[in-house]
Amino acid sequence: MASSRHELLSPSLKTKAKRELREQPEHIDAHVESFRRWITSLPHITFPCEHHLLIPFLRYAKYNHAKAQQRLDNFCTIRASKELGAPRWFDFPPLTDPLLDDYLKSGVVLNLGRTTEDLSVILIRLGNWNMDVVNPSSLRCFSYMDVDRFLLDPASQIAGFIFFFDLTGVGKKHFVLRSNQKEVRLESKVWRDAYPIRVRHVIYFNEPKIMDIIFKLVEIWMSSKVRERVSETFSRWWFSAVAIFRGLNFDVALYYFGRDVSKAVLLKVHCIVSPFVEALCHN
């Protein structure tokens, strides 16, 4: 029987999933059950086995179970192992934390909606970060809370993401999270080897000169596929990327010019990620 979650997808997304991810609706539940049995057989991993938490890994791996298993193992290692990962980055605060409120209102990370190709567009405005209010460690933690909720969206699992970095007003002080090469290497591993998130485009707008240096450091640990997708759109000209954003609802442009995000809406979405937050992943 096909997954009910899959049946909620639009016809175009079902076609894309079949063409790009080798997804067959009638086989989804069998894949998930097989993946679930593998997880429960392992003594070193404890992970919630709900359908919606496992399907991102299978879709990312195009239903290659060996690849999905490796990514899940890495995902758990990063979050639980002090020696090989960074559990502190994922020590998420309660949703009542006032700092989280400040982060949401700042609009550092915004979901702008979807393009005509169903790509989810995520806007990151590092210049909106008030370092006097939200410290670097909290910013990183809150950002990963956002990523966790992004990866649970079925349409985005299939079509992928555009990450658009507006670096207006960004200076050296904003790159404090990139000053430690060990952490840069580890964070690159989070994206390259752990998160089951399809990055289709990475675009930098109005980047400062220091960005060239930062990019060269980070590039070392990027996968070749992601490196190409960053390089092909790494430009100082907004117009070179206009076609990629075709189809976005015009109203979301208001967010780009500083309208506060509705805390109520974001917190509602954050709640669905609680199984990730509460999972005890040991590796």
- Note on the structure: When region 137-159 is checked residue by residue, the ones that are in contact with a Lys or Arg (Cβ under 8 Å, 6 or more places away or on another chain), closer than 15 Å to LEU112 by Cβ and either buried (at least 20 other Cβ atoms within 10 Å of the Cβ) or not assigned by TED's automatic domain parsing to the domain that holds ILE124 (or both) are SER156, ALA159
- Query: Just checking, how many residues over region 13-60 are assigned to a helix (DSSP H, G or I) and either among the hydroxyl-bearing types (Ser, Thr, Tyr) or touching a residue at least 60 places away in the same chain (Cβ under 8 Å) (or both)?
  - Reply: 15
- Would you confirm whether any residue within region 118-126 is surrounded by fewer than 18 Cβ atoms within 10 Å (Cβ to Cβ) and either under 24 Å from LEU58 (Cα atoms) or touching a residue at least 60 places away in the same chain (Cβ under 8 Å) (or both)? yes
- Restricting attention to region 164-211, and to residues there that are of a type in the set (Lys, Arg) and modelled with pLDDT of 80 or more, which single residue is nearest to the chain's Cα centre (by Cα)? ARG198
- Okay, helices (runs of 4 or more DSSP H) sitting entirely in region 78-174 with 1 or more residues that are at negative phi and among the β-branched types (Val, Ile, Thr), I get 136-150, 154-159
- Message: Among the listed residues ASP101, ASP91, identify the single one that is among the acidic types (Asp, Glu) and in contact with a Cys (Cβ under 8 Å, 6 or more places away or on another chain).
- Response: ASP91
- Query: Hey, among LEU100, LEU21, which residue is buried (at least 19 other Cβ atoms within 10 Å of the Cβ), within 20 Å of the chain's Cα centre (by Cα) and not hydroxyl-bearing (Ser, Thr, Tyr)?
  - Reply: LEU100
- Message: Just to be sure before I move on: is HIS44 loosely packed, with under 14 Cβ neighbours inside 10 Å, under 30 Å from CYS141 (Cα atoms) and modelled with pLDDT under 95 in the structure I sent?
- Response: yes
- Message: So for region 39-52 (the condition being closer than 18 Å to TYR195 by Cα and polar (S, T, N, Q)), does at least one residue qualify?
- Response: yes
- Message: Can you tell me which condition LEU9 does not meet? The list is (1) in a helix (DSSP H, G or I); (2) modelled with pLDDT under 95, and all the others hold.
- Response: (1)
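The values are calculated or read from the model by the stated rules, or taken from the named source; none is laboratory data. It should be emphasised that the depicted structure is a prediction, and the values quoted were computed from it without experimental measurement. FYI the Cβ positions are ideal-geometry reconstructions off the backbone, even for glycines, and counts take in every protein chain you see.
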